[in-house]
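Asker: Following this message is one structure expressed as structure tokens.
The values are calculated or read from the model by the stated rules, or taken from the named source; none is laboratory data. None of the values given here were measured: they were computed from a predicted structure. With ideal geometry, Cβ positions are generated from the backbone for all residues, glycine too; neighbour counts draw on all protein chains shown. The area values use the complete protein model at the heavy-atom level, side chains included, leaving out ligands, DNA and RNA. Shrake-Rupley method; radii C 1.70, N 1.55, O 1.52, S 1.80 Å.
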Amino acid sequence: MVEAFETFPHLLKPLKIGNILFRNRMFCAPTGHTDIIYDGQPSIDAIMYYERKAMGGAATVTSGEVAVDPDEFFPGRWPCEITMPSNHNFARLATAISGHGAVPVVELAFTGFRSRTRGAKRDDPPWGPIDTVLHDGQRVVAMTDERIFEVIKGFGKAALAAKKAGFGMVCMHAAHGWGLQQFMSPFTNTRTDEWGGNTERRCRFTVMAIDEIHRQCGRDFPVEVRISATEVIPNGYDIDEAVLIAKQLDGHADIIHVSVGGPDTDSAESFARTHVSMFYPQGRNVEYASEIKKHMNSSLVGAVGGLFDPYYMEQILASGKADIVHIARGLICDPDLPNKVRQGRPEDIRKCMRCLNCYSEIINHGDFFCALNPEVSREREVYYSLPAPMKKRVLVIGGGIAGMQAALTAARGGHEVVLCERGAELGGRILCEREVPFKKNLHDYILQQGALLSKAGVDVRLNTDVTYDYALQESPDVIIAAIGSEPVVPDLPGIDGQNVHQAVDVFANPSLAKGKTMILGGGFVGTELAIYLKSCFGIDVEIVEMGGEISDGGNDHHMWTIEDMLEQHEIPLHFHTKAVRIDDAGVVCEGPGGTSPGGEVGSGNDRGVSDGADARGSEVVFRADTVIYAVGMRPLWDDALVFEKCAGAFHMVGECRKAANILFATSSAFVAARHIGRH
């Protein structure tokens, strides 16, 4: 314990602001939750989602966007609203968080011209800095002085309601293109009155809102403001303007929380930089916090952006680049991260691989689900679960992602577990990506899972090919088949050529890709392989895809980060283009051969034949020295069903059940193993 404080003295150092004591410098960045009950309050499941983070040792736990604009108060909509007389669940949320020693924080948001896109059933135009028309055709009406002052008072009322409910701080959302940033940005605010024209007047709205909160709640009640240090778009502001903005907020806000991003939600790069993707280095945005901190006299500065490594976060604080680190996805992947730092167990931290499954799941399905942490959004189930009524003998067949999770969950449930893997190491087919730089955290996770299996007492048997007879001889009560899938081989003439390879083989041995390379298949496997080959080896690579967009496998947010990289590395992706054969010249395709390099990847627009291709009537020939196929995976159903009669209970998990993604592998394995012995 003492050694941890010597290794991480800055991370573990308490912080006092006003009348609030923060137990360390690891703050939980805002993460929304869409599980909102009819009157705009967080549900019990949402409360337990946040409470779990408090149990893990974070200094703060911040709930997501809460509306402050009276024009946006509609029962049952999102964002939720805190000033309702019946805001009892907000009080329950604050109590649940503070009961574990963390400071509960609520993020206050003014939506601005986005208000009619956030779930409100309104036909009248939204309010914004100026009269304008958005890219989707939505008309925006300029806010009057009366409306601006109404929202300013709304911030004060919402903050006071939060304080009365038991929250210890509020975080004002003035980043990512939300209403306050719309006023601060010269890109969206071209007013010439007292609310625009120069940096001071553009920031007046935000400064007055901060001061109104302090007037309502007292100067000892901390106020954090999240700003964008760059809008990451050509016409938006950059760090120089952000410094001027921060200087206007200095002394008004207690903490300036430095993020990036702007109002242009259609920019793939802006999205991937705001929610730092796996293709960018950890701490990509810390440089902005560091620059802003140089100009602050009294406000503290917080850094955010894909942070998970305590050694790196300690370095940020020790070098004076920031006073606080904010962690979002890192605490979804491992809510116990701060406790593991404090207990001197940094090697046990489950590292977020920044795949953005959590973001896609919360937006599209209403719950955060993490590819590596199957307990997230199942907090109530885990907390209230009963001990297994009867110990079972469990045989897990397959040591990939799903098999390891199933074995670990079953062992933690008190069962006797045998895990058999036909290969020489755990990890399964995805081990082919171990040398891919942007997949390093995934490989670290595989190694970590293997170590946890050993600690849990699982009988791991490598180089063991389980047969029907072998399974019978083990006499298991339960069999969990996690034997995975195999690549689909396209039925194309020439597919067996010596210069034609499966994607998994090229991931494992990139030297197979020689000269001009064509990849068949625009899913994540094909596009990530293209990024790997181009960015790490400089290989000239293109992709053909039968459909009209990148196949996102249910994770559309990661798709946007893929688009960002394809644009940056200028990798052509040809949509509506079907390969019909492979010959000496390359890949012969039917379809327009439309290519979308640069800013139109993913658009589905067909713009003719790209360089390096020849048109032959209705056919397009893409010249290629190497052809790689990544057209999907086939679940090994028949291979798994061999074991169906070998035990009283039988489960198929992961890719042998459905070819999907890591999230499905860990989730299906967790659920199947967790209920062993309960029914």
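Asker: Once amide H atoms are built 1.01 Å from N in the peptide plane, which residues 5 or more positions from Ile628, or in another chain, come under 5 Å H to H?
Answerer: His501, Met518, Ile519, Leu520
Asker: What FRET efficiency comes out for Ala649 versus Leu462 if R0 is 30 angstrom and r is the Cβ-Cβ distance? Round to the nearest 0.05. Let's see the in-between values first.
Answerer: On the way: r = 25 Å, r/R0 = 0.83.
The calculated FRET efficiency here is 0.75.
Asker: With a point put 7 Å past each Cα toward its Cβ, work out how far Asp240 is from Glu375 in nm, to one decimal.
Answerer: 5.0
Asker: Sticking with this structure for a sec: Output wanted: per-residue J couplings in Hz (rounded whole) for segment 493-504, from phi through Karplus 6.51 cos²θ - 1.76 cosθ + 1.60, θ = phi - 60°, x for Gly and Pro.
Answerer: x, x, 5, 8, x, 5, 9, 10, 9, 6, 4, 4
Asker: In terms of the ratio Rg/(2.2 N^0.38 Å) built on C-alpha atoms, what value belongs to segment 361-483? Could the numbers behind the result be given before it?
Answerer: Numbers: Rg = 15.7 Å, N = 123, 2.2 N^0.38 = 13.7 Å.
Dividing the Cα radius of gyration by 2.2 N^0.38 Å gives 1.14.
Asker: For a protection proxy built on the mean count of beta-carbon atoms within 10 angstrom, sort 553-560, 329-336 highest first, please.
Answerer: On the way: 553-560: 21.0, 329-336: 25.1.
So the order, starting with the most tightly packed, is 329-336, 553-560.
Asker: Could you pull out the pairs from Lys340/Lys455; Lys514/Lys534; Lys164/Lys247; Lys16/Lys351; Lys163/Lys321 whose alpha carbons sit more than 20 Å apart here? Numbers along the way, then the final one.
Answerer: On the way: Lys340/Lys455 16 Å; Lys514/Lys534 12 Å; Lys164/Lys247 30 Å; Lys16/Lys351 29 Å; Lys163/Lys321 30 Å.
From the list (Lys340/Lys455; Lys514/Lys534; Lys164/Lys247; Lys16/Lys351; Lys163/Lys321), the Cα-Cα distance tops 20 Å for Lys164/Lys247; Lys16/Lys351; Lys163/Lys321.
Asker: So, R0 is 35 Å and r is the distance between the beta-carbons of Arg139 and Glu194; what FRET efficiency does that work out to, to 0.05?
Answerer: Working: r = 24 Å, r/R0 = 0.69.
Efficiency for this residue pair is about 0.90.
Asker: Report the gain in length on full extension from Lys16 to Asp496: 0.36 nm times residue separation, minus Cα-Cα distance, nm rounded to one decimal.
Answerer: Roughly 166.1 nm would be gained on extension.
Asker: A follow-up question, please. Is the C-alpha gyration tensor of segment 192-310 telling us rounded, prolate or oblate? Criteria: a/c under 1.5 is rounded; beyond that, a/b larger than b/c is prolate, otherwise oblate. Please list the in-between numbers first.
Answerer: Details: a/c = 2.07, a/b = 1.35, b/c = 1.53.
Note, shape of segment 192-310 comes out oblate.
Asker: Would you please state which residues of segment 366-399 a label at Tyr470 would reach in this model, taking the label point 7 Å out along Cα→Cβ and a backbone N cut-off of under 14 Å?
Answerer: 395-399
Asker: Ok, one more. For a quick check: with amide H placed at 1.01 Å from N, whose amide H comes under 5 Å from Val580's, ignoring anything fewer than 5 positions away on the same chain?
Answerer: Val588, Cys589, Glu590
Asker: State the antiparallel share, in %, of DSSP beta bridges confined to the chain, rounding to the nearest 5.
Answerer: Details: 25 of 93 bridges.
Within the chain, antiparallel bridges account for around 25 percent of the total.
Asker: Let me ask something additional. Ordered by residue, what ³J(HN,Hα) values in Hz, to whole numbers, does segment 580-592 give under the Karplus form 6.51 cos²θ - 1.76 cosθ + 1.60, where θ = phi - 60° and Gly and Pro are x?
Answerer: Computed from phi, the couplings for segment 580-592 are 10, 6, 10, 10, 4, 7, x, 10, 8, 10, 9, x, x Hz.
Asker: Is the shape of segment 411-463 rounded, prolate or oblate, going by the alpha carbon gyration tensor and its root eigenvalues a ≥ b ≥ c, with a/c under 1.5 for rounded and a/b larger than b/c for prolate?
Answerer: Details: a/c = 3.39, a/b = 1.72, b/c = 1.97.
Here segment 411-463 falls in the oblate category.
Asker: What number, rounded to the nearest 500 deg cm²/dmol, is the helix-based mean residue ellipticity at 222 nm of the chain, given -39500 (n - 2.57) per DSSP H run of at least four residues and division by all its residues? If you can, show how the numbers build up before the last one.
Answerer: Working: 23 runs with 221 residues, N = 679.
Counting only the DSSP helices, I get -9500 deg cm²/dmol.
Asker: Roughly what would the spin-label model give for Phe537 and Lys164, points 7 Å off Cα along C-beta, in nm?
Answerer: Placing both labels 7 Å along Cα→Cβ, they lie 6.5 nm apart.
Asker: Heavy atoms only, 1.4 Å probe, whole protein assembly: order Lys391, Lys13, Lys534 by accessible area, highest first. Don't skip to the end; give the middle numbers.
Answerer: Numbers: Lys391 140, Lys13 115, Lys534 60 Å².
Listed by decreasing accessible area, they come as Lys391, Lys13, Lys534.
Asker: Could you tell me which of rounded, prolate or oblate describes segment 283-332, using a ≥ b ≥ c as the square roots of the eigenvalues of the alpha-carbon gyration tensor, with rounded for a/c under 1.5 and, failing that, prolate when a/b is larger than b/c and oblate otherwise?
Answerer: Values: a/c = 2.05, a/b = 1.78, b/c = 1.15.
Taking the square roots of the gyration eigenvalues as a ≥ b ≥ c, segment 283-332 is prolate.
Asker: State the extension gain, in nm to one decimal, for the chain segment bounded by Ser319 and Ile363, taking 0.36 nm per residue of separation less the distance between their alpha-carbons.
Answerer: 12.2 nm
Asker: Quick check of the Kirkwood formula: for the chain, what is the inverse mean of 1/r over all pairs of different Cα atoms, in Å? Show your work: numbers first, answer last.
Answerer: Details: mean 1/r = 0.0374 Å⁻¹.
For the chain, inverting the mean 1/r across all distinct Cα pairs yields 26.8 Å.
Asker: Can I ask one more? What full-extension length gain, to one decimal in nm, is calculated for Asp639 and Glu416 as 0.36 nm per residue of separation minus the Cα-Cα distance?
Answerer: Values: separation 223, 0.36 × 223 = 80.28 nm, distance 2.42 nm.
Once the chain is fully extended between Asp639 and Glu416, it gains 77.9 nm.
Asker: Can you pull the one-decimal nm distance between simple spin-label points at Leu512 and Glu425, each 7 Å off the Cα toward Cβ?
Answerer: Placing both labels 7 Å along Cα→Cβ, they lie 1.8 nm apart.
Asker: Applying the Karplus parametrisation 6.51 cos²θ - 1.76 cosθ + 1.60 with θ = phi - 60° to the phi angles of segment 53-69, what ³J(HN,Hα) value in whole Hz is obtained for each residue in order, glycine and proline being reported as x?
Answerer: 5, 5, 4, x, x, 5, 6, 10, 10, 10, 6, x, 3, 10, 6, 10, 7
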